[in-house]
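Scroll down for the structure; my scribbles are underneath it.
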Amino acid sequence: KRVGVLISGRGSNMMSLVEAAKAPDYPAEIVVVVSNRPEAPGLAWAKDRGIPTIALDHRTFRSREEFDDQLHRLLLAARVEIVACAGFMRLMTPELVANWHNRMINIHPSLLPCFKGLHTHERALAAGVRISGCTVHAVRHEMDTGPILGQAAVCVAANDTAESLAARVLAAEHKLYPQILRLFASDQILLDENAVITKHSFP
Ligand code: GRF
């Protein structure tokens, strides 16, 4: 399957997908990386490796609708079949989400439905949870919602700071996202309207 990855910054999850996709039997190929921030380090990384990249600066668009419309056109032009959001820090219009219904996935650094949104690790620590983790889910219009495709748990240490927890969760993200994309791209995870029909054990 042809995959487009959306980023806004560092792009380490995108890098983990690119690295995984090098395996000859991997069922997905990263055909384009799009960033809404031209200066995103991940964009330069992908470009250096010969992956087609697009800088789509949201500040140059008059509205969210126009930005999302152009993003959709570019993904279609690249013949993208699956969109993988990886630290893409933009709210999306209902139209864009609908256009990629069950074909757009995202990674979030918590065990959803807990701790949606920003400052995830600070809030997890403040809540005193002993286990956190990360989630890959299909994208729905409401932020960080949608059928859960896979999760990985990470233990919270007594002396964790938001930074140390973030680093440990990020390492789990880098394992989980390529695993789930592999299953999703090879139709081993199937999505009904709001349910996940699995043909595998959750990693
Ligand atoms: C990751 O923690 C991801 O879960 C969240 O934003 C962060 C992006 O990091 N959505 P990177 O750009 O993939 O390095």
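Just so you know, all these numbers are worked out from the coordinates, no wet-lab data involved. Quantities reported herein were computed from a predicted structural model and do not represent experimental measurements. Cβ: placed from backbone, ideal geometry, glycine included. Neighbour counts: every protein chain shown.
Before moving on, here are some points about what is shown:
- Unique match (being within 14 Å of the ligand (Cβ to nearest atom) and within 19 Å of Gln70 (Cβ to Cβ)) among Ala44, Ala40, Ala20: Ala40
- Within segment 128-144, no residue satisfies the criterion of being among the hydrophobic types (A, V, I, L, M, F, W, C) and free of Cβ contacts under 8 Å to residues at least 12 places away in the same chain.
- Qualifying residue in segment 48-68 (condition: of a type in the set (Gly, Ala, Ser) and either under 17 Å from the mean Cα position of the chain (by Cα) or within 16 Å of the ligand (Cβ to nearest atom) (or both)): yes
- Of all residues in segment 93-137 being small (Gly, Ala, Ser) and either under 26 Å from His58 (Cα atoms) or within 12 Å of the ligand (Cβ to nearest atom) (or both), the one that is surrounded by the most Cβ atoms within 10 Å (Cβ to Cβ): Ser132
- Residue within segment 85-92 that is more than 24 Å from Pro178 (Cβ to Cβ) and either surrounded by fewer than 20 Cβ atoms within 10 Å (Cβ to Cβ) or away from the ligand (no atom under 16 Å from the Cβ) (or both) present: yes
- Matching residues, segment 22-48, being outside any strand (DSSP E or B) and crowded, with 20+ Cβ neighbours inside 10 Å: Ala28, Asn36, Ala40, Gly42, Leu43, Ala46
- On the stretch given as segment 1-11, residues that are crowded, with 19+ Cβ neighbours inside 10 Å and either within 10 Å of the ligand (Cβ to nearest atom) or farther than 14 Å from Val83 by Cα (or both) total 4.
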